[in-house]
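Structure first, commentary second.
Values quoted throughout were computed directly from the atomic coordinates according to the rules given, and no laboratory measurement underlies them. On a predicted model such as this, the values are computed, not experimentally measured, just so you know. Don't worry about glycine lacking a Cβ; one is built from the backbone with ideal geometry, like all the others, and counts go over all protein chains shown.
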Amino acid sequence: MFVLDDLLFRPFVGIVDALHSIALDELYDVEALEDELKENQLLYELGERPEEEYRRRKEELEAELETARDAHEQLSSGRVEVKR
Amino acid sequence: MSNRYVYGIVDSDTVEFETDAVAGADRVYTISHRRLGAVVSDIDTTDPEETDEDAQIHDEVLREIMDYDGGTTIVPMQFGMAFEGDRELKNVLRGARPAFRRAMNDIEGRVELGLKLVREEDADIDREALEEEVAERLDPIAAQSVANDLFSDRLVLNRSYLVDEAERETFDEAVAAFEDDHDELMVQYTGPFAPYSFVDVKIGAKQ
């Protein structure tokens, strides 16, 4: 019975884990946030984005990026429980 | 401060000067193995944190080394290479010697320049045609060029160019002429930098 359970459940759990991790990747898209930070910097340097807006956006994005990185770190270290 | 932070590799053992260095150090110097030298400053970690300030200092020190003694060729390292001590560093210099030599030959007397083309907010751009035009106007002057990440949909071209010092002025003029012909684009032309994008030597501190 144990073997049967194993065979039946493992693939299923694997898919749930994978879906969960895809959802997390989308919710906390580190790469997209990094790109936005670079765009913000570029538009400021080219004189299109005013300094005040640039600073505000930079702060927001850096905070979001930190949250996203923390979320990924916690997931990969197993500190976030995957609910099934 | 017994660890060593590496900026890059030079073909001598004589680079040494006082400057604002990474992690608050105030002097850079060379650790050599058979006339291949690593330009370093002292640091108290082998895993330095990349702050904006230190990343800028890293670039600035590389520029100073490039200007040192009337012009010094340096194989630049990315931010963050730090070694336990002199012995570990010399082992890397010994092991990667051929790779460093090759890289040095590739970049000797050359600098890296960056070109970003950003479309005006409402401009409609034929990216392919633009790439072709840029290649036609700039590639013949450069020794090499490489495409970089297009991290924004406003960014229509992002390239790095390796240019002979002797061709710098011609290249500057070609970029200026291109800019004059394209009102629909904003041009960000940067450098000279140490030729990061044209050096494929990575050394690991944990080797």
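With label points built 7 Å along Cα→Cβ from the Cα atoms of residue A:38 and residue B:128, find their separation and express it in nm.
According to this spin-label approximation, the distance is 2.4 nm.
Determine the shielding of peptide A:35-45 by partner chains: average, over its residues, the number of Cβ atoms on other chains within 10 angstrom of each Cβ.
Counting other chains' Cβ atoms within 10 Å and averaging over A:35-45 gives 4.
Please list, ordered by chain and number, the residues whose modelled amide H lies under 5 Å from the amide H of residue B:12; skip anything fewer than 5 residues away on the same chain.
When sequence neighbours closer than 5 places are left aside, the close amide H contacts are B:37.
Short version: ³J(HN,Hα) in whole Hz for each residue of the range B:28-44, in order, from phi by Karplus 6.51 cos²θ - 1.76 cosθ + 1.60 (θ = phi - 60°), x for Gly and Pro, what are they?
10, 8, 10, 10, 10, 9, 6, 6, 10, x, 9, 7, 9, 10, 7, 8, 10
How far is helix B:52-67 tilted, in degrees, relative to the longest principal axis of the Cα atoms in chain B, given as a value from 0 to 90 rounded to the nearest 10?
The two axes meet at around 90 degrees.
Taking amide H atoms as placed 1.01 Å from N in the peptide plane, list the residues 5 or more away in sequence, or in a different chain, whose amide H sits under 5 Å from that of residue B:33.
Placed amide hydrogens put B:38 under 5 Å from residue B:33.
Kindly express, to the nearest 10 degrees and within the range 0 to 90, the angle between helix B:127-138's C-alpha long axis and the longest C-alpha principal axis of chain B.
Around 70 degrees separate the two axes.
Going by the alpha-carbon gyration tensor, a ≥ b ≥ c the square roots of its eigenvalues, is the range B:1-104 rounded (a/c under 1.5) or, if a/c is not under 1.5, prolate (a/b greater than b/c) versus oblate?
oblate
Rounded to two decimals, what is Rg over Rh for the range B:81-207 when you use alpha-carbon atoms and the Kirkwood radius?
Taking Rg over the Kirkwood Rh, I get 1.09.
Taking the number of other C-beta atoms within 10 Å as the exposure measure, put B:18, B:131 in order starting with the fewest.
B:18, B:131
Using a Förster distance of 51 angstrom, determine the FRET efficiency expected from the C-beta separation of residue A:23 and residue B:84, and round it to 0.05.
Step by step, r from the Cβ atoms, then E = 0.80.
Calculated from DSSP H runs of 4 or more alone, at -39500 (n - 2.57) each and per residue, what is the 222 nm mean residue ellipticity of chain B, nearest 500?
My calculation for chain B gives -9500 deg cm²/dmol from helical runs alone.
Highest mean first, how do B:181-190, B:32-41 rank when packing is the count of other Cβ atoms within 10 Å averaged over residues?
B:32-41, B:181-190
Does anyone have the angle between helix B:86-95 and the longest principal axis of chain B? Alpha-carbon axes, 0 to 90°, nearest 10?
60
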